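Each value in this text was obtained by applying a stated rule to the coordinates, not by laboratory testing. Quick caveat: nothing in here was measured; it's all calculated off a predicted structure. All Cβ positions, even for glycine, are placed from backbone atoms using ideal geometry, and neighbour counts span all protein chains on display.
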Amino acid sequence: MPPTDAGANAAPTAASAASASAVTDRGAGIGSECEDTLDLRLPDELIALFAQDTGAGIRTGTGVRTRTRTRTGTGTGTGTGTGTGSDRVSDDLLDHVAEWGPAPTPAGVFQLVPVHIERDLALISRWMNDPAVAEFWELAGSPTVTEDHLRAQLTGDGRSLPCLGVLEGTPMSYWEIYRADLDPLARHYPARPHDTGIHLLIGGVADRGRGLGSTLLRTVADLALDKRPACARVIAEPDMRNTPSVAAFLRAGFRFSAEVDLPAKRAALMIRDRSLRDLL
């Protein structure tokens, strides 16, 4: 989308022509990504949330996340149930992930089930202590480390929701679905309203290295686009060092947009566009 100003309808001057040429030269070779570099206005609701969030941290994982959100902690390890107490929150900002329902995949029926701490902490903490996971998520240690991370999301403002990925009735992955445009990440890329971010870890070693991550990433990205009509893009920011993760996003229909310097890492900004979902 071209930038606009008060003189947009005026005849071009030599200076403005030179400026336009410079912009064109800088954008050469970018293709569909050029519009990502020009749409720089932060949404008003993000600015309002930042005013409340001056101490918010950004962490590494398969991506970057804050630890704040609200959401209905529903679901069991097999895909049903109801959360209570401190886990019970509202997910209006994410269009009710708990109600997105099951989705067929080549590997079986898959469903996102919101985390219930009392039920799921031991499993997720065990995954976080796997050295291959801990290298990028940095949540190894006692279960309280993982609990603090989960509880901050579940009792936060609704920007993010931790979920178990349940495949054919078995919890086998951990996900965070979040509003990228309302996250501190938006300070580091040209966010658009309702951008939806995702983080993923595959829990079991036996489920890694056989293309399952790509299958599930595509499934979850498409669920977000189907269930969130206002969302035009799904965003991810894996660590540039995590080449298997970057490759998995590419196979899942995401495109590489840019390298982004974040406080804790250098990330690959990956985008799955609604307009390109049938082509990639």
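Observations, loosely collected:
- When each of the peptides 237-250, 199-212 is scored by the mean number of other C-beta atoms lying within 10 Å of its residues, the order from highest to lowest reads 237-250, 199-212.
- Extension gain from A264 to M240, taking 0.36 nm per residue of separation minus the Cα-Cα distance: 7.5 nm
- Highest mean first, the peptides 255-266, 146-157 sorted by other C-beta atoms within 10 Å per residue fall in the order 146-157, 255-266.
- Assigned charges on the beta-carbon of Lys, Arg, Asp, Glu; the range 92-194 dipole about Cα centre (debye): 120
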